[in-house]
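The values are calculated or read from the model by the stated rules, or taken from the named source; none is laboratory data. Just so it is clear, the structure is predicted and the values come from calculations on it, not from any experiment. Every residue, glycine as well, gets a Cβ built from its backbone with ideal geometry; the counts of neighbours run over all protein chains shown. Just so you know, the surface numbers come from the protein's heavy atoms only, side chains and all, with ligands and any DNA or RNA stripped out. Shrake-Rupley method; radii C 1.70, N 1.55, O 1.52, S 1.80 Å.
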Amino acid sequence: MIVVPAAFAEERVRLSGEPGRRWIAGLPALVAELCDRWRLEPTAEPAMHGELGVVFPVRRAGEALVLKVGWLEHSTVDEAAALRAWNGAGAVRLLDADDDAGALLLERLDSRRSLRDLPLLAAAEIAGGLIRQLAIPAPDGIRPLGEIGGHVADTVHMRNERLGRPVRRPWADLAADLARDLGVGAGSLLVHADLHYGNVLAGRRQPWLAVDPKAVSGDPEHSVPELMWTRLDEAVGPAGVRALLDTIVRAGELDAAKARGWAIIRAIDYWLWGLEAGLTEDPLRCHRLVEALTTT
């Protein structure tokens, strides 16, 4: 029996109203159709979910897999393109995809074990190594970092003013300058732009594998910021924050200046986004991160 998690369904309807209600109502039939097409057998294990999609445990010819179906307004095209390019090297393996349905058929990893379970610097070292492994030529059509950097540079001051200047003017200036410079000079490598510790799960082929990529084309240093702010509370003082950055840079053979730059850019961007969204704790972490990386 195909059961959509109640918490996911309620939140989707709350956020999306009647379109969300219709999508949730049709999800079991969609999953059943995909299972029939891809010769999958749903299991009795409960489905898992994030903010934008549901992951159903399935089997095919005895092999444990998962069927991931995303909310209809969330495109999986870039995610599928990235996973095809990596072909299982450092990331979960993609077995099939239906872009119109927002569906991905993936190898099954151990969702109970992620890099959140390891001590901070040990987890950071593994994640840094994955950043390097995932840095391959980007396939055509992936959004370039130049576009992303340009957007931050063009909007950071306006957003900061609208929110009452929570970010100090010199920091906003720095974010705009760095975003413009690093965006223009960005390379064309494939980057996992949501590589936090919960998005690295234990695997069988490789001890740790990345999942749920938000793919961009540019410099691998763009992957660093989530690894900084998601467990920042465990880094003791500014020296601990800088040691965390140094660990990721060393393990990933990254450019230290670019890693610091993207950490500042994205922390300030996320700081403002968090305030716009009504978050309270994450903006404080971003403040602390920027302060640690701009104070000598």
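Gain in length, residue 36 to residue 126, computed as 0.36 nm per residue apart minus the alpha-carbon separation, to one decimal in nm?
On the way: separation 90, 0.36 × 90 = 32.40 nm, distance 3.79 nm.
Length gained, residue 36 through residue 126: 28.6 nm.
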Q: With springs only between Cα atoms under 10 Å apart, run a GNM on the chain and tell me which of 113, 93, 39 wobbles the most.
A: 39
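State to the nearest 20 debye the size of the charge dipole of region 106-232 about its Cα centre, where the only charges are +1 on K and R beta carbons and -1 on D and E beta carbons.
Details: 16 positive and 16 negative charges, 94 e Å.
Computed about the Cα centre, the dipole is about 460 debye.
When averaged across all projection directions, what area in nm² does the alpha-carbon convex hull of the chain cover?
On the way: hull surface 61.6 nm².
In nm², the orientation-averaged hull projection of the chain is 15.4.
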Q) Per 5 Å bin, what percent of the C-alpha pairs of region 82-203 does each bin hold, from zero upward? A) 2, 10, 14, 15, 15, 15, 14, 10, 5, 1
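Of all DSSP beta bridges located in the chain, what percent are antiparallel, nearest 5?
95
So what is the accessible area of the chain per residue, in Å², with the probe set to 1.4 Å?
On the way: 13920 Å² over 296 residues.
Result: 47 Å² per residue.
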Q: Report, to the nearest 10°, how far helix 6-37 tilts away from the longest principal axis of the Cα atoms in the chain, using its own Cα long axis and a range of 0 to 90°.
A: 50
**Q.** Under-5 Å amide H pairs with residue 88, H placed in peptide plane, nonlocal only
**A.** 94
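May I ask you to give the percent of accessible area on the chain that is carbon plus sulfur, with a probe radius of 1.4 Å? Spell out each step's value before the answer.
On the way: 7330 of 13920 Å².
Carbon and sulfur: 53 percent of the exposed surface of the chain.
What is the gain in length, in nm to one decimal, between residue 281 and residue 43 on full extension, counting 0.36 nm per residue of separation less the C-alpha to C-alpha distance? Each step should come with its number before you reach the end.
Details: separation 238, 0.36 × 238 = 85.68 nm, distance 3.78 nm.
Roughly 81.9 nm would be gained on extension.
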(Q) Just to verify a number: FRET efficiency for residue 204 and residue 155, C-beta to C-beta distance, R0 = 35 Å, to 0.05? (A) 0.20
Q: State the volume of the convex hull built on the alpha-carbon positions of region 103-144, expressed per residue in Å³ and rounded to an integer.
A: 137
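Determine the gain in length on full extension of the stretch residue 169-residue 110; use 0.36 nm per residue of separation and subtract their C-alpha separation, reporting nm with one decimal. Walk me through the numbers before you get to the answer.
On the way: separation 59, 0.36 × 59 = 21.24 nm, distance 4.45 nm.
My answer for the length gained is 16.8 nm.
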Q | When the convex hull of its Cα atoms is projected in every direction, mean area for region 1-59 (nm²) | A | 3.8
Q.
What do you get for the angle between helix 281-294 and the principal long axis of the chain? Use alpha-carbon atoms, 0 to 90 degrees, nearest ten.
A. 40
